[in-house]
Amino acid sequence: MKKYTSAYDVADVNELVKEALHLKENPYNYKSLGENKTLGLVFLNPSLRTRLSTQIAGNNLGMNVMVMNLDKEGWALETQDGAIMNGTTVEHIKEAAAVMGQYCDIIGIRSFPKLQDRDEDYSEDLLNKFISYAKVPVVSLESATRHPLQSLADLVTITEQKPAGKKPKVVLTWAPHVKSIPQCVANSFAEWMQQADVELVITNPEGYDLADEFTKGATVLHNQDEALKDADFVYVKNWSSYEQYGKVLTDGEGWMMNNEKLALTNNAKVMHCLPVRRNVELSDEILDGPNSLVLEQANNRTYAAQAVLKRMLEAL
Amino acid sequence: MKKYTSAYDVADVNELVKEALHLKENPYNYKSLGENKTLGLVFLNPSLRTRLSTQIAGNNLGMNVMVMNLDKEGWALETQDGAIMNGTTVEHIKEAAAVMGQYCDIIGIRSFPKLQDRDEDYSEDLLNKFISYAKVPVVSLESATRHPLQSLADLVTITEQKPAGKKPKVVLTWAPHVKSIPQCVANSFAEWMQQADVELVITNPEGYDLADEFTKGATVLHNQDEALKDADFVYVKNWSSYEQYGKVLTDGEGWMMNNEKLALTNNAKVMHCLPVRRNVELSDEILDGPNSLVLEQANNRTYAAQAVLKRMLEAL
Amino acid sequence: MKKYTSAYDVADVNELVKEALHLKENPYNYKSLGENKTLGLVFLNPSLRTRLSTQIAGNNLGMNVMVMNLDKEGWALETQDGAIMNGTTVEHIKEAAAVMGQYCDIIGIRSFPKLQDRDEDYSEDLLNKFISYAKVPVVSLESATRHPLQSLADLVTITEQKPAGKKPKVVLTWAPHVKSIPQCVANSFAEWMQQADVELVITNPEGYDLADEFTKGATVLHNQDEALKDADFVYVKNWSSYEQYGKVLTDGEGWMMNNEKLALTNNAKVMHCLPVRRNVELSDEILDGPNSLVLEQANNRTYAAQAVLKRMLEAL
């Protein structure tokens with residue numbers, strides 16, 4: 001694998017899930033694979049789970065791991081071709097990525113969207129340029145439009161927890177939040193579920209439909225109660241509007257997932273990528289109750305990252 | 001050992017001192033103990049000695065060590081049960097601690113008091129909740145009321161330096177400072193000295209008495225000169241008022257430890273946890289002279305941390 | 001080697017270049033040398049290449065590497081002897097350096113000049129005090145007046161690329177920039193080139209002559225076109241005025257290195273230490289063209305650092 005930025009970079013997502021589950025059982029079996037190999041983790045935005053789980057994944061494979069908070073320890077990157085750099089950007093991504101590519105065998109990079117210009121964000125300009133100039137395999141640690149390590153961990157979790165002998169109904173539901181949040185986790189989850197053997201229903205208020213490229217093939221409903229009916233898994237997540245890009249259109253009263261909503265489902269397992277705003281997106285009763293999978297998801301982040309890194313190491 | 005937050009978490013402090021001294025002689029003898037184990041160090045406040053010495057302690061035991069500056073690289077934690085998280089806190093400690101507990105085999109955490117609400121600080125709410133939700137062994141890297149790795153290093157240093165055949169007189173003296181400082185180092189030192197075979201005298205201006213739970217059994221004097229008489233060790237430290245909580249009540253003129261004060265002692269060794277405000281808390285002549293133990297204390301931080309981590313690894 | 005702060009700390013720069021080239025071929029041959037040794041990297045200023053390449057150099061030699069962003073994670077250091085520390089500095093360099101020297105076997109430190117007081121900057125007070133108090137070997141990761149790991153990497157690159165059978169002409173040329181930049185890279189490059197078997201010409205606008213100690217023996221020209229004639233290597237770098245210390249005296253119109261200038265040379269290879277302001281210091285056409293060595297220079301940073309660390313480890 002030369003890059004890992006979306007489900008489309010993976011030949012067979014189910015095989016990758018199997019690999020992750022195998023690594024969960026045998027995390028230290030491949031320590032020689034990463035010997036004398038360096039994993040560089042570049043953060044242009046904050047991270048907790050992604051940073052720690054990917055560090056451990058690298059360690060488990062015997063790699064040296066270096067973390068670089070480019071936003072705090074480094075400097076602003078220029079991405080425009082031909083820019084006359086007489087402003088605030090200190091280094092062009094051409095040099096920054098190429099240099100890090102020389103130092104590292106594999107690079108992970110996180111870069112959030114600015115949520116101001118949809119075309120710019122959805123072009124994934126920074127990520128694509130970084131990959132192109134770095135020349136080494138690159139793992140997205142969350143980009144403007146997707147969060148593929150999260151989605152792989154989510155699919156691993158669903159695979160572990162799904163009822164036997166039945167195609168599970170998975171509902172991705174919008175939830176309220178207090179600020180403008182990217183669509184990437186929701187986009188990415190939808191993208192991955194469409195590669196998996198599940199029935200996907202997406203529910204959100206009007207004005208919050210995700211981009212067609214992510215929703216095509218799924219059922220989209222604006223009535224949450226209708227969507228939740230008989231769900232086996234409910235994935236709760238806020239996102240800002242794609243149509244009125246980056247805007248918060250409603251406070252979403254009545255959209256918080258709670259036990260009353262849970263009663264509509266098939267005793268569904270409830271998922272969230274974390275961090276979660278308690279009692280805004282999801283009620284305490286759910287998060288502290290037996291139906292929550294949020295910690296299992298976070299735990300599976302390690303093995304999702306390890307499966308991807310293992311594939312990349314094998315292809316070096 | 002499942003947690004290390006105070007002297008009361010240690011069955012026998014003298015055995016732990018012996019362990020630390022043994023590790024100081026043989027720092028790399030237990031490298032297999034930490035193989036494939038991860039130590040997470042979580043900082044909600046700045047750190048120099050604690051961070052570096054604990055990192056080295058983990059490395060000496062063969063652990064992978066991950067440092068997480070949660071204040072700078074992460075986000076604000078909610079600690080209130082039942083909070084409706086529509087404000088500035090981004091993640092509840094329930095999730096944050098539980099997730100880090102899944103990723104790490106042992107966690108160290110530093111969290112300073114806010115010095116505004118005494119009951120809140122002395123409840124050690126954040127530390128206790130973190131331990132409860134993390135589920136793995138937790139080492140305090142300094143909390144609202146105590147700094148137990150510092151105190152263990154202090155007791156190791158006193159053990160190395162104490163005169164033979166005599167119960168040493170140890171004086172903990174308040175010193176001036178320019179800002180409001182927590183009581184935790186002083187509290188903790190008093191707590192540990194009461195478990196050790198020393199005579200403890202505490203001296204501070206009126207209004208600066210520490211909480212009873214830490215001073216009971218010790219002699220408390222408001223006359224520094226009287227307290228210093230015949231001291232074998234003088235531990236110098238500023239703290240803000242416990243009674244008028246967090247307040248600075250005096251500029252402490254005449255309380256700075258210097259050679260004139262040293263002349264009152266039994267040629268005492270002088271200690272400080274660092275960082276020290278030179279010529280405010282302690283004079284240059286003492287810090288640069290033969291009686292200072294401050295660097296020995298800092299050096300022993302590594303072996304104090306290593307002794308605690310070794311115990312925790314053995315009990316995993 | 002006990003310290004590495006300038007070319008004068010190296011007995012024979014050509015031998016050190018050979019060592020670096022040997023390590024570039026065999027980066028993992030000396031992993032046992034650094035076993036149970038700790039490299040501490042202390043940054044008082046931002047860093048990308050230096051941080052990553054020196055981390056990898058330490059890892060390649062089997063060392064544990066700890067990064068400490070003292071400016072962000074730590075606190076302000078006092079350097080004045082006898083200071084009454086009742087202001088904003090939290091710890092004296094006497095203690096900070098001594099403690100880090102106890103924790104680490106080798107320390108790297110980066111500290112930029114303030115560009116306000118020339119005598120203060122050129123005294124290298126902070127670096128010299130740090131070395132004196134740390135007591136362990138210290139590597140400069142760029143100081144007020146020099147950047148010796150960069151210069152070694154530059155000499156390694158020139159050695160790899162130089163035309164056979166000819167003493168190459170190396171031109172160090174000033175370039176425009178948008179802010180006030182230290183002289184250290186230029187100083188250091190000049191210092192190292194004078195130890196190497198090259199003809200050194202320095203060109204800059206009037207008012208930008210470097211200090212005599214760095215330029216003596218080299219040809220200094222204020223006419224860039226004349227200087228570039230028949231150059232085999234052109235090293236492009238901005239620096240602020242040494243004479244009118246720290247000042248920007250001109251916008252440097254006409255001094256940017258581009259293909260028109262390149263035509264004056266002997267098809268020169270073009271060098272820059274990075275980060276580079278594209279189309280201000282150097283044109284896109286050069287950086288994206290076949291004559292640029294900037295990535296080779298950055299890549300050689302790893303082996304320059306490794307050569308220095310290897311020498312220090314051997315002398316421990």
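The values are calculated or read from the model by the stated rules, or taken from the named source; none is laboratory data. These figures come from a predicted structure and were not determined experimentally. Virtual Cβ from ideal backbone geometry, glycine too; neighbours counted across all protein chains shown. The area values use the complete protein model at the heavy-atom level, side chains included, leaving out ligands, DNA and RNA. Shrake-Rupley method; radii C 1.70, N 1.55, O 1.52, S 1.80 Å.
Using the heavy atoms of the protein chains alone and a 1.4 angstrom probe, what is the accessible area of the range C:1-95 per residue in square angstrom? Write out the running numbers ahead of the final one.
On the way: 3520 Å² over 95 residues.
Accessible surface, normalised per residue, equals 37 Å².
When only DSSP loop residues count, what chymotrypsin sites (Phe, Trp or Tyr not before Pro) in the range A:117-208 have their Cβ near at most 11 other Cβ atoms within 10 Å?
Working: sites: A:Y122, A:F130, A:Y133, A:W174, A:F189, A:W192, A:Y208; in loops: A:Y208.
Within the range A:117-208, no chymotrypsin sites (Phe, Trp or Tyr not before Pro) qualify (loop, at most 11 other Cβ atoms within 10 Å).
Could you give the radius of gyration (one decimal) and Dmax (whole number) of the Cα atoms in the range B:160-316, in Å?
Expressed in Å, the Cα Rg and Dmax of the range B:160-316 come to 15.6, 51.
What are the residues whose amide H is under 5 Å from the amide H of A:Y235, where those residues sit 5 or more places off or on another chain and H is modelled from the backbone?
Under 5 Å from the amide H of A:Y235: A:V171, A:L172, A:T173, A:M271.
In nm to one decimal, list the spacings between the B:D284 label point and its equivalents in the other copies, with label points set 7 Å along Cα to Cβ, shortest first.
Between copies, matching label points for B:D284 lie 5.7, 5.7 nm apart.
Have a look at the range C:100-124 and report residues whose accessible surface goes down by 20 Å² or more when the remaining protein chains are included, against the chain on its own, probe 1.4 Å, ligands and DNA/RNA excluded.
C:M100, C:Q102, C:Y103
B:M312: net charge of surrounding residues, Cβ under 10 Å, Lys/Arg +1, Asp/Glu -1, itself excluded?
Details: positive: B:K2, B:K3, B:K37, B:K310, B:R311; negative: B:D105, B:E314.
Net of charged neighbours comes to +3.
Please give the charge dipole size of the range C:80-210, origin at the Cα centre, charges +1 on K and R Cβ atoms and -1 on D and E Cβ atoms. Round to the nearest 20 debye. Could you put the intermediate results ahead of the total?
Values: 12 positive and 18 negative charges, 77 e Å.
For the range C:80-210, the charge dipole is close to 380 debye.
With a probe of 1.4 Å, find how much accessible area the range C:150-297 has per residue, and write the answer as a whole number in Å².
On the way: 5380 Å² over 148 residues.
Here the per-residue accessible area is 36 Å².
For the range A:250-284, which residues drop by 50 square angstrom or more in accessible area between the chain on its own and all protein chains together (1.4 Å probe)?
A:P275, A:R277, A:R278
Taking each label point as 7 Å beyond Cα in the direction of the beta carbon, state the distances from B:Y28 to the same residue in the other copies, shortest first, in nm.
Copy-to-copy label distances at B:Y28, shortest first: 2.0, 2.0 nm.
Counting Lys and Arg as +1 and Asp and Glu as -1, each charge on the Cβ, what is the dipole of the protein assembly as shown about the Cα centre in debye, to the nearest 20? Mind dumping the intermediate values first?
Details: 96 positive and 129 negative charges, 434 e Å.
Using Cβ point charges on Lys, Arg, Asp and Glu, the protein assembly as shown gives about 2080 debye.
How about the range B:239-274: which GluC sites (Glu not before Pro) there are in a DSSP loop, with at most 13 other Cβ atoms within 10 Å of their Cβ? List each step's numbers first, then the result.
Working: sites: B:E243, B:E253, B:E260; in loops: B:E243, B:E253.
For GluC sites (Glu not before Pro) across the range B:239-274 that sit outside H, G, I, E and B with at most 13 neighbouring Cβ atoms in 10 Å, the list reads B:E243, B:E253.
Can you list the distances in nanometres, one decimal and ascending, from the C:L316 label point to the identical position in each other copy, with the point 7 Å along Cα to Cβ?
List, nearest first: 2.5, 2.5 nm.
In the range C:55-81, which residues become less accessible by 40 Å² or more once every protein chain is in place, relative to the chain on its own, using a 1.4 Å probe?
Going by heavy-atom accessible area, the residues of the range C:55-81 that drop by at least 40 Å² are C:I56, C:N59, C:N64, C:M66, C:M68, C:K72, C:E73, C:W75.
Of B:L41, B:L274, B:L282, which is the most mobile in a GNM of chain B whose springs link Cα atoms less than 10 angstrom apart?
Result for chain B, Cα springs under 10 Å: B:L274 fluctuates most.
Please check: in the Gaussian network model of chain A (C-alpha springs, under 10 Å), which one of A:N36, A:N299, A:N45 has the largest mean-square fluctuation.
A:N36
With a cap of 14 neighbouring Cβ atoms within 10 Å, and only residues DSSP puts in a loop, list the trypsin sites (Lys or Arg not before Pro) found in the range C:105-196.
On the way: sites: C:R110, C:K114, C:R118, C:K129, C:K135, C:R146, C:K166, C:K169, C:K179; in loops: C:K114, C:K135, C:R146, C:K166, C:K179.
Here the trypsin sites (Lys or Arg not before Pro) that fit, given the DSSP loop and packing criteria, are C:K114, C:K135, C:K166, C:K179.
On the protein heavy atoms, probe 1.4 angstrom, tell me the percent of accessible surface of the range C:150-297 carried by carbon and sulfur. Write out the running numbers ahead of the final one.
Numbers: 2350 of 5380 Å².
C and S fraction of accessible area: 44 percent.
Roll a 1.4 angstrom probe over the protein heavy atoms and tell me the percent of accessible area of the range B:11-132 that is carbon or sulfur.
Numbers: 1940 of 4480 Å².
Carbon and sulfur together cover 43 percent of it.
Sum -39500 (n - 2.57) across every DSSP H segment of at least 4 residues in the protein assembly as shown, then divide by the residue count to get the 222 nm mean residue ellipticity, nearest 500. Display every interim value, and only then the final one.
Working: 39 runs with 351 residues, N = 948.
Theoretical 222 nm ellipticity from helices: -10500 deg cm²/dmol.
Hey, got the dipole for chain C? About the Cα centre, +1 on K and R Cβ, -1 on D and E Cβ, debye to the nearest 20? Could you put the intermediate results ahead of the total?
Details: 32 positive and 43 negative charges, 180 e Å.
Dipole magnitude for chain C comes out near 860 debye.
Each residue of the range C:106-118 in turn: what ³J(HN,Hα) in whole Hz from Karplus with 6.51, -1.76, 1.60 and θ = phi - 60°, glycine and Pro shown as x?
9, 10, x, 9, 10, 8, 7, x, 8, 6, 10, 10, 4
B:H222: accessible area at probe 1.4 Å, nearest 10 Å²?
80 Å²
Just to check I understand the Karplus step: with θ = phi - 60° and J = 6.51 cos²θ - 1.76 cosθ + 1.60, what whole-Hz values come out for the range A:79-84, glycine and proline as x?
Once θ is set to phi - 60°, the couplings for the range A:79-84 become 10, 6, 5, x, 4, 8 Hz.
Only Cα pairs under 8 Å and at least 6 apart count here; give the relative contact order of chain A as a rounded whole percent.
Working: 644 pairs, mean separation 65.2, N = 316.
Relative contact order of chain A: 21 percent.
Could you tell me which residue out of C:A57, C:T38, C:T88 lies farthest along the dipole of the range C:1-110 toward its positive end? Charges go on the beta carbon: Lys and Arg +1, Asp and Glu -1, centred on the Cα centre.
Value computed over the given set: C:A57.
Starting from the 7 Å offset along Cα-to-Cβ, what nm value, one decimal, do you get for the label separation of C:A263 and A:K2?
Label at C:A263, label at A:K2, 3.7 nm between them.
Please state the relative contact order of the range B:159-316 as a whole percent: Cα pairs under 8 Å, 6+ residues apart? Provide the component values of the computation, followed by the final result.
On the way: 273 pairs, mean separation 38.7, N = 158.
After rounding, I find 25 percent.
Roughly how much accessible area, to the nearest 100 Å², goes out of reach of solvent when A and C pair up, both sides summed, probe 1.4 Å?
Counting protein atoms only, the buried area is about 2700 Å².
Please find, in a Gaussian network model of chain C (springs between Cα atoms separated by less than 10 Å), the residue of C:T89, C:T250, C:T157 whose mean-square fluctuation is greatest.
Highest fluctuation of the listed residues: C:T89.
Residue of A with Cβ nearest the axis relating A to C, plus distance in whole Å?
Measuring from each Cβ to the axis, the minimum is at A:K72, 4.
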